[in-house]
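Reading through the structure tokens given below for one structure.
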Amino acid sequence: MTIADPATNVPPIRDEEELARARTAHIHRVAKWTLPSLVMVLTILAWHLYVTIAEVPHYILPGPVLVAQKMVEDWALLWPAMIVTSRLTLLALAMAVVGGVALAVAFTQSKWAEMSFFPYAVILQVTPVIAVAPLLQVYVESAFVAALLCAWIVAFFPILSNTTIGLKSADHNLSDLFTIYGATRWQRLRYLAAPSALPFFLGGLKIAGGLALIGAVVAEFVIGRAGTGLGLASTLLEASYRFNFGRLYAALILISLMGVLIFAVMSLISHLSLRKWHESAIKRE
Amino acid sequence: MAPTPPPVGSRPRLLDMTHVEKVFGGDVVALRDMNLAVNEGDFISLLGPSGCGKSTALRLISDLIHPTSGSIRWVGGQHGSDDLGVVFQEPTLMPWATVAQNVWLPFRLKGKTYASVKDEILEALKLVGLEKFQNAYPRELSGGMKMRVSIARAMVTKPRLILMDEPFAALDEITRFKLNNDLLELKAKIGCTVIFVTHSVFESVFLSDRIVVMAARPGRVIRELTVDAPYPRHEDFRTSAEYAAFCRETSDALHIAIGEAA
Ligand SMILES: Nc1ncnc2c1ncn2[C@@H]1O[C@H](COP(=O)(O)OP(=O)(O)O)[C@@H](O)[C@H]1O
Ligand SMILES: [Mg+2]
């Protein structure tokens, strides 16, 4: 069994390499969470030290302790505000998905529709929403609808443009195959264009999630509590008028958390829908 | 195994291309005056340098494009889309669908549920040796396996004619030889007609009983050769003196084709 001999000699070396690689991988996994956490702890500590040592007045920069205190004290006010802002954001995002996908399908089914309406979709996108919001308030009777439109305008374009590209990105040979087998328009859309568009749509959704939140915040700033009730952004604005900087920071942190949460959820949806087949979602050894 | 097909001359006619010409954009003559009589059971190779109109000929036959002049006629009237299977140079599988779902496609587009054609799908996968991989996704398969799925999809409807456009050109030689052998076996089993595009002399001689040698600029047929070595052909045919002689003859014809074009 001379052939087997080298094989029994080699493994220890390979094992060592393997172990080293496993160790590095483990360190990476741990560092992925510990390093950012450490940075956050250090930042908060530095913030606290700066505020205490330099004796910064709380109406200029509240310390982390005060902000945490406010978060707990004002929770009864902040939590409902967060619900209001979430509702506005998610509703706008849902409308952006429905509108963006429907329009993208219309664009790919009819060249005339695309030629006629695409420029207006672009105009809607490039005009800063903060400039449009006051107008919306004037012309749209319900302030809630105005706020919703405001957030929708910002969120819908990435969905529209990504989905449109995605629907057109189907493999040409596959498309020929569908022709040869006499596929109907609907079959082509359902079995070829839609699955080809899915990764593009999900990319758009990730961007749109963040933009919907930005749109909601802008809407709350401009249109105010009249339409939406007291959301996080209006709370933040009011707190700034009253120099209640502890509450302002608490609201700001909650808005950031919402953004992070939306991004995480969109990433998860994307991963779950693509993990079986799309290169972007596949872990490589 | 199906009985050996009758000799080339006495097979019933399947399809006629007469004086077919295809001009792209007013001045690119992709194909000039192509005449081809396809008989049931033929294994025809279109052999020629790139740009000689081989793919154009297949696209014309599959009705994806229409001739500028001339006609392509299926004997016995209009053919249904069940009569045609196509394999491209790339496997052209849907990455989001499993192997079995990919093979289901021709039936699915006819409105047939998976359950109603499950047996046919599994049979096709068994024929290409992939029944164990029915639930795998294309990305999990090797290049050769993907091509097998593509072939299973093309033959699952038991079409009368299968068109193959350089299906094995991107594969390594070992895999290509294996697939060549398997393709002949498959063809004998389902008894269909094949038009096979290649630029390999060796591949065309091994596979076909008729070789159509083509030249480029403008794309046209230069010569037609008959390879009257009997099927089934196995690995030993590849090393026979007969095979070598056919290859030499075909190669000479191809050189003339290239020489004329240059
Ligand atoms: N859709 C097209 N538009 C314009 N020219 C084309 C088109 N398809 C093929 N051609 C031209 O026709 C000729 C034959 O092409 P093709 O049939 O693809 O050759 P082959 O498959 O033998 O390599 C080439 O010169 C090619 O550039
Ligand atoms: Mg070609």
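3J(HN,Hα) along segment A:135-146, derived from phi through the Karplus expression 6.51 cos²θ - 1.76 cosθ + 1.60 where θ = phi - 60°, amounts to 5, 4, 4, 6, 8, 9, 5, 6, 5, 5, 4, 4 Hz, with x in place of Gly and Pro.
Heavy-atom accessible area buried between chains A and B is around 2100 Å² (1.4 Å probe, both sides summed). In segment A:150-186, burial by the other protein chains removes 20 Å² or more of 1.4 Å probe accessible surface, compared with the chain on its own, from A:173, A:174, A:176, A:177, A:178, A:180, A:181. Between B:191, B:53, B:150, the Cα set farthest toward the positive side of the dipole of chain B (charges on each charged residue's Cβ, about the Cα centre) is that of B:150. Normalising the average separation of contacting C-alpha pairs (under 8 angstrom, six or more residues apart) by the number of residues puts the relative contact order of segment B:54-178 at 38 percent. Heavy-atom accessible surface of segment B:80-159, averaged per residue, reaches 39 Å², computed with a 1.4 Å probe. Entry comment: accessible area of chain A is 59 Å² per residue, from protein heavy atoms only and a probe of 1.4 Å. Mind running the shape call on chain A? Use the C-alpha gyration tensor, a ≥ b ≥ c as the square roots of the eigenvalues: rounded below 1.5 for a/c, prolate if a/b tops b/c, oblate otherwise. It is oblate, given that a/c is not under 1.5 and a/b is not larger than b/c. Prolate is the label for the protein assembly as shown, because the ratio a/c of its alpha-carbon gyration tensor axes (a ≥ b ≥ c) is 1.5 or higher and a/b is greater than b/c. Whenever you get a sec, compute what percent of the accessible area on the protein assembly as shown sits on carbon and sulfur atoms (1.4 Å probe). That share works out to 63 percent. In degrees, nearest 10, range 0 to 90: what is the angle between the Cα axis of helix B:143-155 and the longest Cα principal axis of chain B? Once rounded, one gets 90 degrees. Residues of segment A:72-111 with an amide N closer than 13 Å to a point placed 7 Å from the Cα of residue A:125 along the Cα-to-Cβ direction: A:100-101, A:104.
For the pair residue A:43 and residue B:135, a Förster radius of 56 Å applied to the C-beta separation gives a FRET efficiency near 0.70, rounded to the nearest 0.05. Take every pair of alpha-carbon atoms less than 8 Å apart whose residues are at least six positions apart; their mean separation over the length of chain B yields a relative contact order of 26 percent.
Each of the peptides B:24-31, B:95-102 was scored by the mean count of other Cβ atoms within 10 Å over its residues; in descending order, highest first, they stand as B:95-102, B:24-31. For segment A:53-66, backbone phi angles converted through the Karplus equation (6.51, -1.76, 1.60; θ = phi - 60°) give residue-by-residue couplings of 5, 7, 6, 6, x, 5, 7, 9, 9, x, x, x, 5, 4 Hz, Gly and Pro being listed as x. In segment B:72-121, comparing the full protein assembly with the chain on its own, the residues that lose 50 Å² or more of accessible surface at a 1.4 Å probe are B:88, B:92, B:96, B:108, B:109.
The values are calculated or read from the model by the stated rules, or taken from the named source; none is laboratory data. Every value quoted in this text rests on a predicted model; they were computed, and no experiment measured them. Don't worry about glycine lacking a Cβ; one is built from the backbone with ideal geometry, like all the others, and counts go over all protein chains shown. Side chains are part of the model used for accessible areas, which takes the heavy atoms of the whole protein and leaves out ligands, DNA and RNA. Shrake-Rupley method; radii C 1.70, N 1.55, O 1.52, S 1.80 Å.
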